[in-house]
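Undergrad: Okay, handing you the structure first.
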Amino acid sequence: MHSVELLPDPATERAVRDAWRRLADAGLPSQAGHRHPTNRPHLTLASADGLPPEVRARLLRLLAEALPVPLRLDGLVRFSGRVHVLAWAVRPDDALLRLHEAVWRALREAPESGRANPLLDPVRWVPHITLGRGREASWDVAEIKERAHR
């Protein structure tokens, strides 16, 4: 699986990493514990089975024309399923929504990219930066906030 991600500015990255640390210090699931060398705060725009060279070139042109776009953090969200995710919501402005739509369309119009992640379809997309992932079904946002601020 290949993804197209936006990286936040240094101040936002520091804020997210600080939240990761506070969650980990409170004994809660946190991306701070994810040791893969590419792990860093990011906003996923789209993902697909593959990104052939012509698709990569088109995406690079789209990104070069649209970036930078601000990422405004806006409260916590929780996603449940096989894995539960706690995330910082990103309030999308028009520029971010246009960029997301263009990236999604570029992948959908290129069958050689394979299957795109349906959760990232513009009608379903919830822009966010992941703070923690775990199998605990009982994450309570109020409890997480309280434990992380101790």
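Undergrad: Report yes if some residue within region 51-59 is over 23 Å from Leu131 (Cβ atoms) and touching a residue at least 60 places away in the same chain (Cβ under 8 Å); otherwise report no.
TA: yes
Undergrad: So which strands (runs of 3 or more DSSP E) are wholly in region 1-115 and hold at least 2 residues that are open to solvent by 40 Å² or more (accessible area, probe 1.4 Å)?
TA: Result: 2-6, 72-79, 84-91.
The values are calculated or read from the model by the stated rules, or taken from the named source; none is laboratory data. Model, not experiment: these values are computed from the prediction. When we count neighbours, we look across all protein chains shown, and the Cβ atoms used for this are built from the backbone with ideal geometry, even at glycine. The protein model used for the area step is the full one, side chains on, heavy atoms only, and it has no ligands, DNA or RNA in it. Shrake-Rupley method; radii C 1.70, N 1.55, O 1.52, S 1.80 Å.
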